[in-house]
1. Looking at the stretch 35-47, can you tell me whether even one residue there is at pLDDT below 90, of a type in the set (A, V, I, L, M, F, W, C), touching a helix residue (DSSP H, G or I) at 6+ places or on another chain (Cβ under 9 Å) and surrounded by fewer than 15 Cβ atoms within 10 Å (Cβ to Cβ)?
2. Would you please list the contacts, defined by Cβ atoms under 7 Å and residues six or more apart or on different chains, that run from a residue in the stretch 74-87 that is surrounded by 13 or more Cβ atoms within 10 Å (Cβ to Cβ) to a residue that is of a type in the set (Lys, Arg)?
3. Here is a list: Ile95, Ile119, Ile108. Which entry is of a type in the set (A, V, I, L, M, F, W, C), surrounded by 13 or more Cβ atoms within 10 Å (Cβ to Cβ), within 44 Å of the chain's Cα centre (by Cα) and farther than 30 Å from Met14 by Cβ?
4. So which pairs qualify, if the first residue must be in the stretch 135-156 and over 11 Å from Met17 (Cβ atoms), the second must be among the polar types (S, T, N, Q), the Cβ gap must be under 9 Å, and the two must be at least 6 apart or on different chains?
Amino acid sequence: MTIQKKLSLALGAMAVMTLLLGAISAEYVRRLSTATDNILADNYKSLEYANDMMGAMDSPGPDMLAALGRSLELQKKNVTEASEAAATEALTVKIADLEKSPGDPAKIAAVKGDLYRIIDLNMAAISNKSAFATSTAHRALVAIVILAALCVAAAVIVFLALPKSLLKPLSELKRGISEVSELNWRKKLDLGDNEEFGEIEESFNRMAEKIAEYRRSTIEDL
C-alpha cells in the first residue's frame, strides 16, 4: 500500500471519528435540552397554577373563585403526568363544590388537599427528569471521552507510523549508497513493498549492476 493511501485512510478514519464525536455530542445535547424544556414547560407550569390557587384561598375575597377558575382551566390544559389527570378532575369537582359555600373551611381544606397532590406529582416528575438528565449527561461524558481518546490514539498512531514508513526506506537507501561508495558493488536494496520507493530500489540495483559490469570490463581491458 502506498504512503498516500495509508495517509488517506488514516486521515479519513480520523475525520469519521471526529464527525461521530460531533454527532454523538449534538445528540446528547439535544436530549438534555429536551429534558430541561420538559421540566420547565410542563411541571413548572403546573406548580405555578397550583401555587396561584393556594394563594387565592389563603386570601379569601370576592375574586377568589374567579382566580381559582382561571388557574384551574390552565391546569386542565397542562396535564402531563400519569396520575395528574385524575387529581385535576378531583380538584375540579371540589372547586365546584366550594363555589356553593366559598367560606367553608372544610371545603377549602379539601381543595388544598388535591392541590398538594398535584404539587407532589409534579415535584416527583421534576426529580425523575432531573435524574434522567443527570444520567444522560454522564453517558454523554463517557461516550465523548472514549471517542476523544480513540481520536487521540489514532492521531498518535498516524504520526508514529507514517514517519517510520518514510524514514526506514530512506535509511536503507543511505546505507546502500554508502556501501556502493566503498566499492561494494554487490549491494542490493530491499525497501519492502513500499510502492513509492519501488522505482528507486529498481534503479539503484540496476545502477550497482552497471557499475559492477563497468568495473569488471575495465579490469579486463587493463
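The values are calculated or read from the model by the stated rules, or taken from the named source; none is laboratory data. Computed from a prediction, not measured in an experiment: that's the story for all the values here. Cβ sites come from the backbone with ideal geometry, for glycine too, and all protein chains shown count toward neighbours.
1. Checked against the condition, which is being at pLDDT below 90, of a type in the set (A, V, I, L, M, F, W, C), touching a helix residue (DSSP H, G or I) at 6+ places or on another chain (Cβ under 9 Å) and surrounded by fewer than 15 Cβ atoms within 10 Å (Cβ to Cβ), the stretch 35-47 yields no hits at all.
2. Close Cβ pairs satisfying both conditions: Asn78/Lys45; Ala87/Arg117.
3. On the way: Ile95 fails: within 44 Å of the chain's Cα centre (by Cα); Ile108 fails: within 44 Å of the chain's Cα centre (by Cα).
When all the criteria are applied, what remains is Ile119.
4. Listed by first residue and then by second, the contacts come to Ala140/Ser25; Ala143/Ser25; Ile144/Ser25.
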